[in-house]
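Each value in this text was obtained by applying a stated rule to the coordinates, not by laboratory testing. From a predicted model like this one, the values you see are computed outputs, not experimental measurements. Positions of Cβ are generated from backbone atoms using ideal geometry, with glycine treated the same way; all protein chains shown enter the neighbour counts.
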Amino acid sequence: MVSIDSLVRVAAPSATAPLGSSSAVSGAAAQPAQSSGDSSLKDRFVHQAPLEASFPKSSSWQQGAAEVGTGEREGGGEEAPFDVADLVMGINEVHQMGYTGRGQTIAVIDSGIAPHPDLADKITGWVDLVDGSLKPTDTDGHGTHVAGIAAGTGKASQGVFKGIAPEANLVGVRVGGTSDAIKGLQWVVENKDRLGIGVVNLSLGIVTAAVSYQDDPLCQAVEKAIQAGLIVCAAAGNFGELGSYVTSPGNHPDVITVGALDDRGTVDRSDDRVAPFSSRGNSYMPGETKPDLLAPGVKVIAPRAEGAKRAVGLAHKLYFDGQYVSMNGTSMATPMVSGLAACLKQANPTLDHYAMREILMRSCDRYLDDPANAQGKGLVNAPKALELALSKDIAESVRELQGQSAPVKEFDFGYERLQNVSDQGFKLA
């Protein structure tokens, strides 16, 4: 198994220089760490089956988007190659006011980040807990897509498919299972000040329907990250109406848990719905429900990791000469919120996790008929969230809620404590 201490020594970048620059990685002569665990990444990741959705033809087309494939949607409609999600959330209004995530850093704990044109110049930190690679990589493609949604520049699409926080930096933490995810959180906590990390994205989960968050190691690791001053967003999971639960760590009452909205490819709200695959369920705290809110999570177009196994599938279509791919999942909805959190943190650097969660939930538009355990407070509204973030009254309001946060169970972050954590049930959301 890979020692986290050795990985930090050989793989952690210095300061905030993008990886690939001459100052990004010190000690380049160091030998790569050995592979962690007995099983391959393929064996340890349990992927969701491709998800299909039916969309009507959109009335808007973005010029210059060269789609690979037929563009046909189930039901006969065509797929419009432009970024509906930005309009649905209202993030463009936030960008117009100058809040683009500048000066903020998002840690993406996932399958890795490939050096895509939209991402390569902004990866300021990297650690590989799977193979010990010293350079950003992603043989799966999930993490690259997630990172692009959160903070892609849109360079390869002339700005058409840029992320929610296009000027934020990224730190990649490549993981292959539950124990890696916990160690990744530890690494982020230990390196947050050096790398300027403020937001953590967890588009992953563990099926622990019968286990309380208080007895769940991943939930407790997330709790420690929040206590350390990080803002943590996690996916609700893709189990839809099959079970009344969200995956860990999204089931923790304090985590910002994101479900997926199906906007049907239009900005018209009359055809919106909670995505059928988006997990429904209650948290383990009386009076609380999960997910907390929704963000677009169907047919989301973002950077594609070249050669990755998620390159093309039944539900995946390519854009701009294969530089972008569409995917579905609460994994795609979560970085929408992480990116927004980075923008709000730029607007008000004093916001902590609890203030951010309160702001995001208060800003939501609840216009669907679905119950709270499907939509939470509703669709996040970026301009409303910004208004609240800039409000002088929000800090006092949040302080009143601090005492209501979930009880913390003492948890040892030590490496020895993590060796026996099972990867069973681990999924990319």
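Things worth noting here:
- Cut-off under 5 Å, modelled amide H: who pairs with ASN169 long-range: GLY103, GLN104, THR105, ILE106
- Cβ-based net charge around LYS162, under 12 Å, with every Lys or Arg adding one and every Asp or Glu removing one: -2
- Under 5 Å, built H, 5+ apart or other chain: amide partners of ILE256: VAL232, ALA234
- Extending 7 Å from the Cα toward the beta-carbon at both ASP370 and LYS309 defines two label points whose distance is 2.8 nm.
- The phi-based Karplus calculation (6.51 cos²θ - 1.76 cosθ + 1.60; θ = phi - 60°) puts the 3J(HN,Hα) values of segment 147-159 at 4, x, 5, 5, 8, x, 7, x, 4, 6, 10, 6, x Hz, whole numbers, x for Gly and Pro.
- Using the alpha carbons alone, the radius of gyration of segment 84-199 stands to its Kirkwood radius in an Rg to Rh ratio of 0.98.
- Packing, taken as the mean count of other beta carbons within 10 Å per residue, orders the peptides 376-382, 146-152, 188-194 from highest to lowest as 146-152, 376-382, 188-194.
- In sequence order, calculated HN-Hα J values of segment 327-340 (Karplus, 6.51, -1.76, 1.60; Hz; x Gly/Pro): 9, 10, x, 5, 4, 7, 6, 4, x, 4, 6, 4, x, 4
- Near the amide H of LEU204, within less than 5 Å, lie the amide hydrogens of ALA235, ALA429, all on another chain or at least 5 residues away, with H placed in the peptide plane.
- Here is the tail figure for segment 169-248: Cα pairs spaced more than 22 Å apart come to 24 percent of all pairs.
- Gain in span if fully extended, ASP321 to ASN92, counting 0.36 nm per residue against the direct Cα distance: 79.9 nm
- Radius of gyration, Dmax [segment 291-368; alpha carbons; angstrom]: 15.6, 44
- Stretching ARG269 away from ALA228 to a fully extended chain increases their span by 10.9 nm, per 0.36 nm per residue minus the current alpha-carbon distance.
- Descending Cα extents along the principal axes, segment 97-153, whole Å: 41, 18, 18
- Sequence-ordered 3J(HN,Hα) estimates for segment 378-383 from the Karplus curve with 6.51, -1.76 and 1.60 and θ = phi - 60° stand at x, 6, 5, 10, 4, x Hz, glycine and proline given as x.
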